[in-house]
Amino acid sequence: MLEFTDANFASEVLFSDQLVLADFWAAWCRPCHALMSTLEAVARQNPEVKFGKVNIDENSHTTQEYGINAVPTVILFKNGKPVKRFVGLQSESTLNEAVTASY
């Protein structure tokens with residue numbers, strides 16, 4: 001899983017020609033750690049999608065830009081625009097369906 005930062009968010013996410021899933025997380029967030037294995041499974045099933053994480057404590061500009069008020073928050077981006085947002089733990093099937101529907 002890639003690391004998205006304030007410095008590379010535009011190039012990796014906004015200007016990507018791929019569907020991108022960005023996971024906004026924090027090191028102190030237990031649900032964020034629990035979601036990781038789910039995201040890794042979804043990433044394995046969708047190799048054409050770019051998956052990455054944004055540490056909210058280290059990347060305040062991007063966190064504020066997308067109004068992240070709770071973690072984990074997962075946002076799907078298509079053509080540089082957010083198309084789906086999930087807050088809290090999500091199931092593998094929910095995330096897979098969202099990814100598949102966003103192609």
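Filter region 21-37 for residues that are under 12 Å from the mean Cα position of the chain (by Cα) and surrounded by fewer than 20 Cβ atoms within 10 Å (Cβ to Cβ) and give the result.
Matches in region 21-37: M36 only.
Looking only at region 45-67, filter to residues that are in contact with a Leu (Cβ under 7 Å, 6 or more places away or on another chain) and hydrophobic (A, V, I, L, M, F, W, C); which one of those is farthest from L21 (Cα to Cα)?
Ranking the candidates gives V49 first.
For region 45-67, which positions are assigned to a loop (DSSP other than H, G, I, E, B) and farther than 17 Å from L14 by Cα?
N46, P47, I56, D57, E58
Only residues that are farther than 10 Å from G80 by Cα and exposed (fewer than 12 other Cβ atoms within 10 Å of the Cβ): list them for region 2-20, please.
The answer is A7, and nothing else.
What residue, among those in region 51-80 that are under 17 Å from A101 (Cβ atoms) and within 14 Å of the chain's Cα centre (by Cα), is surrounded by the fewest Cβ atoms within 10 Å (Cβ to Cβ)?
Residue satisfying both the conditions and the ranking: K78.
With respect to E97, determine if the residue is closer than 16 Å to A43 by Cβ, surrounded by 11 or more Cβ atoms within 10 Å (Cβ to Cβ), in contact (Cβ under 8 Å) with a residue 12 or more places away in the chain and among the charged types (D, E, K, R).
No.
Among (1) out of contact with any Leu (no Cβ under 8 Å at 6 or more places or on another chain); (2) assigned to a helix (DSSP H, G or I), which single condition is V42 missing?
(1)
Just need a number here: residues in region 68-94 that are in contact with a strand residue (DSSP E or B) (Cβ under 9 Å, 6 or more places away or on another chain), part of a loop (DSSP other than H, G, I, E, B) and either without any contact (Cβ under 8 Å) to a residue 40 or more places away in the chain or closer than 18 Å to L19 by Cα (or both).
Final tally of qualifying residues: 3.
Could you list, in sequence order, all residues of region 21-36 that are touching a strand residue (DSSP E or B) at 6+ places or on another chain (Cβ under 8 Å) and farther than 19 Å from R85 by Cα?
Hit for region 21-36 is A27, nothing else.
Bear in mind these aren't lab numbers, they're just calculated from the coordinates by the rules spelled out. Just so we're clear, the structure is a prediction, and the values are computed from it rather than from any experiment. Here Cβ is always computed from backbone atoms with ideal geometry, including for glycine, and neighbour counts include all displayed protein chains.
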